[in-house]
Each structure stands twice: as C-alpha cells, then as structure tokens.
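To start, the structure under review is shown below, and the notes come after it.
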Amino acid sequence: MQPQIRALQKAHPLPLHRPLGGKSVLTGGLDALEFIGKKTMNVLAESDPGFKRTKTLMERTVSLSQMLREAKEKEKQRLAQQLTMERTAHYGMLFDEYQGLSHLEALEILSNESESKVQSFLASLDGEKLELLKNDLISIKDIFAAKELENEENQEEQGLEEKGEEFARMLTELLFELHVAATPDKLNKAMKRAHDWVEEDQTVVSVDVAKVSEEETKKEEKEEKSQDPQEDKKEEKKTKTIEEVYMLSIESLAEVTARCIEQLHKVAELILHGQEEEKPAQDQAKVLIKLTTAMCNEVASLSKKFTNSLTTVGSNKKAEVLNPMISSVLLEGCNSTTYIQDAFQLLLPVLQVSHIQTSCLKAQP
C-alpha cells in the first residue's frame, strides 16, 4: 500500500460500524469508490504539477454550453418584448439554429462520461500498472496543455488567407490521418458560402467605387449611364447594405463555428466507437491540434474579411453606426475561436479512454 494512501486512511478512515442492510452496504460501497476515485486524482496531481491547470480548463469548458444557452434565452426574452418579426443578428441564437449548442452539449456529455471511465479504471489499478498507465495519460494531457499555452501566447495572431478549396483539402487529409471515417462536407459548404458572399460583395463594391470615380472625372460617361435606369437598378440590387453585410457576417461566423463543433463531436464519437484502424492516442492528439488550428485560422480569416467588407460598404456611414458593427464582428470572431479551442480540450478524456481501451486489447492473450 502506498504511503500516501496509509496517511489518508489514518486521517479519514472509512466508516466501520454500518448495519448489515442492503441499502447501507450499497452506500458504504459507493463511499469507498468515491474515496478511491478522489485518491487516484490526488496521486496524479502529486506527480504532475500541471494537472491542476488542466482540471481548471476542463471545469471551464464544461460550463460553456450552459453559458451560451443562458445568453440565447436572455436574447429571446429581449426580442419577445420588442414584438418584431425581423431576423436578428444575435450570435448565440444563430449558433443554436445551426445545432452548434446541441453538438457542444453532446460533446460535453461524452467528455464527462469518458472522464468518469478514466477515473474508474485508474481506481482499479495499483503498483506498476497504475504508474505506467498514469504516465501514458499524462503524456496525452501534456500535448493538450501545450496547445492551450500556444493559444494564450498567440491570441493576437490572425488567420491565414486560404481559399475554401485549400481548407477543404486540408481538413480531409487531417481526418484521414486520424484514421476515422469522417467527411467535413457540412463544414466545407459553410466555409465556401461564407467566402463566396464576402468575395462577391467586395468585387461589386470595388466596381461601384471605380464607376463613381469615373463619373466624377468624366461628365459624359455619367450622362450616358444615367440614360440607362435599368442598369442602375441591377447594380443597386447587387450591392448589399451595411446592415445586410453585418447580418451575414454574424450568421456566417455562427454557422461555421457550429459546423466546427459538430465536426469535433463526430470525431470524438468515431475515436471511441468507429476507428478504421488503431492509431496511438498521442499521435491523434497531435493531428487534432492541426485540425483545430486550421479551423481557428479559417474563422479568424473570415472575421477579418467581414470587417474589411463592413468598412468598405459603410465608408459613408458615421463612426457611431459603423464602429459598433465592426467591434461586434471582431468580438464574435474571437469568441468563435475560443469555442473551438474549448471543444478541443473536451477531447482529452476521449483520447485517454481510447488509449485505455487499446491498451486493454493489447494486454489480452
């Protein structure tokens, strides 16, 4: 018996005088399991100084879906008082419409269940087997902790300017490298829609600006254009208002982020139940870092494009009208990357359980 366990037993002995009734015996057994589980976590913490930090990260991410749901409900109540039928640009409500909240909650449940399985399995081991498995699980955790530290150091780093086709190719390759049968079709389509509308809108705006410049310098061309009112109407239809650009920006960020969370949720399920072939959990963790980094970079890139489009379309608007919209898009872009990073942290217990399952299969004769 380890000296730490002896010390704890002396300080907090388990109840000895319980009646021999079924309910009491069951209660005593549950108390013992709870004690063992807590002791197991203490053993991990003693040998791993970074364990407490990881536990704090897990506690933070577990409440993320609850926080988003509460924000959505508050916005619903506010809109109900306004008696308006117009579509709103509230990120939380749009995120829920695209099932982002449902997938986040499902991922949290899966993560919590996996964490319980890890603790239960650790409680069933002792001696050398416990030490070996503990070291394996800590090595997986260290990969996740390194990613979290990298996120904190590079919060201001902007995303890469990549085309939708390049992002789709990268996602497909990374999912294949994970050895899971998942295809990023919904995410790729959402990304493509976001890129398409903002690039089309910027092109139209650029054409309009060029025409205005020509009209100011060439009176004849201006008069010639004014004789064709139908052409003017077509051009007006193509150009979006600043309110439409803002709405599309928030909606696109909500949809893309929801699809990223959905993709990570599906990956978690497949790692636990549907891997095509075995792949070490440490290697999968490194691939997942690349996957979530690509997602965050793409979201940051979109957010930058949206603010550029708002600035161009709203060039003739007052600062008090334009600046709040730009600030809102930048804020939701940062929130989107945070949600993706937190969802990534929820995958830690999933990979640890997967490693335990693989280890048990290898140990069987």
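Observations
- List His195, His273, ordered by accessible area with a 1.4 Å probe, largest first: His273, His195
- Out-of-range pairs (alpha-carbon distance over 23 Å; input Lys141/Lys189; Lys117/Lys266; Lys141/Lys290): Lys141/Lys189
- Using heavy atoms of the protein chains and a probe of 1.4 Å, the accessible area assigned to Cys360 is about 50 Å².
- Ser116 paired with Glu244, simple spin-label distance in nm, labels 7 Å along Cα-to-beta-carbon: 5.1 nm
- Computed over segment 240-311, the P(r) tail beyond 15 angstrom holds 64 percent of alpha carbon pairs.
- Solvent-accessible surface (1.4 angstrom probe) belonging to Met325, in square angstrom, nearest 10: 30 Å²
- By accessible area with a 1.4 Å probe, ligands and nucleic acids excluded, highest first: order of Asp342, Asp126: Asp126, Asp342
- Long-range lysine pairs (8 or more apart or interchain), segment 301-365, Cα under 28 Å: 4
- Solvent-accessible surface (1.4 angstrom probe) belonging to Tyr246, in square angstrom, nearest 10: 40 Å²
- Note on Lys192/Ser102: beta-carbon distance plugged into 1/(1 + (r/R0)^6) with R0 of 25 Å gives a FRET efficiency of 0.60.
The values are calculated or read from the model by the stated rules, or taken from the named source; none is laboratory data. Keep in mind that this is a model prediction, so the values were computed, not measured. Every residue, glycine among them, receives a Cβ derived from its backbone with ideal geometry; neighbour counts consider all protein chains shown. Ligands, DNA and RNA are stripped out before the accessible areas are found, and what is left, the full protein with its side chains, is counted by its heavy atoms. Shrake-Rupley method; radii C 1.70, N 1.55, O 1.52, S 1.80 Å.
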